[in-house]
Amino acid sequence: MKREQHQKTSTIFDFKQKSFDFIVEEKLPFKLTGKGDALFVLFEKQNKTTMDVINFLCKEFHISRMTLGVA
């Protein structure tokens, strides 16, 4: 088996560490009509995980985690 030599290359990248590096804007695949049995909640969070927010919403609205859909 023949050995090949490969030239070493360096990859330059930057790990994102600041909260403003992680801004996410959700795009809904449908229009909100104001009708139906669902509640749409749009929120901004800082220094909280998604699970922190989910747990807070479940506690405040007295609902089970299983009934809360998250995108």
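With neighbours defined as other Cβ atoms within 10 Å of a residue's Cβ, the residues Ile23, Ile12, Ile54 order from fewest to most as Ile12, Ile23, Ile54.
Note that region 45-51 has calculated 3J(HN,Hα) couplings of 10, 9, 6, 10, 7, 4, 5 Hz, one per residue in order, obtained from phi through the Karplus relation 6.51 cos²θ - 1.76 cosθ + 1.60 (θ = phi - 60°); glycine and proline are x. Modelled spin-label separation between Asp52 and Leu32, with each label point placed 7 Å from Cα along the Cα-to-Cβ direction: 2.3 nm. Remark: the Lys59-Gln17 segment gains 12.1 nm on full extension, using 0.36 nm per residue and subtracting the alpha carbon distance.
Read the figures in this text as sums done on the coordinates, not as results from a lab. Given the structure is predicted, the values throughout are model-derived calculations rather than measurements. We place every Cβ from the backbone using ideal geometry, glycine too, and count neighbours over all the protein chains shown.
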